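The values are calculated or read from the model by the stated rules, or taken from the named source; none is laboratory data. A quick note: this is a predicted structure, and the numbers were derived from the prediction, not measured. Note: ideal-geometry Cβ built from the backbone for every residue, glycine included; neighbour counts use all protein chains shown.
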Amino acid sequence: MKHIIILKNGETLSGQVTNREFSIKTSYAELKFKRNEIVHIHFENIPQFTQDEMLLLASDVLMGVVSPATITIKLESSGQTVKLGKDKIHTIMFLDSV
């Protein structure tokens, strides 16, 4: 399983995101999804993204606020674990979902 995190500063990290579930609070509901149901998450990055965006395997695109606020990834290169605030992340791609 390979996941890639693209940081807002342009750096990339590859490995395994250990968060098993994500939720998104939209204008109409708060919805929860397992990691394997998600293709990617783009985090708020004005002007490109005015709110968080989640693309699901079922092709649904949801806009709102994604939780949790901290994402943990076990790096493929070294096995080290890194915790990142979502404010530092541009995109998470779950390549094992596609």
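The figures follow:
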{"quantity": "Candidate set from segment 76-98 (those that are under 25 Å from Ser59 (Cα atoms) and of a type in the set (S, T, N, Q)); member that is modelled with the lowest pLDDT", "calculated": "Ser97"}
{"quantity": "All positions within segment 77-98 that are more than 21 Å from Asn45 (Cβ to Cβ) and surrounded by 14 or more Cβ atoms within 10 Å (Cβ to Cβ)", "calculated": "Ser97"}
{"quantity": "Qualifying positions in segment 10-33 - surrounded by 10 or more Cβ atoms within 10 Å (Cβ to Cβ) and either within 12 Å of the chain's Cα centre (by Cα) or β-branched (Val, Ile, Thr) (or both)", "calculated": "Thr12, Gln16, Val17, Thr18, Asn19, Glu21, Phe22, Ser23, Ile24, Thr26, Phe33"}
{"quantity": "Output for segment 31-69, where each listed residue is among the acidic types (Asp, Glu) and either under 20 Å from Ile4 (Cα atoms) or touching a residue at least 24 places away in the same chain (Cβ under 8 Å) (or both)", "calculated": "Glu37, Glu44, Asp52, Glu53"}
{"quantity": "Lone unmet requirement of (1) more than 13 Å from the chain's Cα centre (by Cα); (2) surrounded by 14 or more Cβ atoms within 10 Å (Cβ to Cβ); (3) of a type outside the set (Gly, Ala, Ser) for Leu56", "calculated": "(1)"}
{"quantity": "Residue pairs meeting the criteria (Cβ under 7 Å; at least 6 apart or on separate chains; first assigned to a helix (DSSP H, G or I), in segment 73-98; second at pLDDT 95 or above and of a type in the set (Asp, Glu))", "calculated": "none"}
{"quantity": "The lone exception for Ser14 - which of (1) assigned to a strand (DSSP E or B); (2) on the phi > 0 side of the Ramachandran plot it fails", "calculated": "(2)"}
{"quantity": "Where a residue in segment 11-23 is closer than 12 Å to Phe94 by Cβ and among the β-branched types (Val, Ile, Thr) and its partner, wherever it lies, is at pLDDT 95 or above and assigned to a strand (DSSP E or B), with Cβ under 9 Å and at least six apart", "calculated": "Val17/His3; Val17/Ile5; Val17/Ile71; Val17/Thr72; Val17/Ile73; Val17/Lys74; Val17/Ile92; Val17/Phe94"}
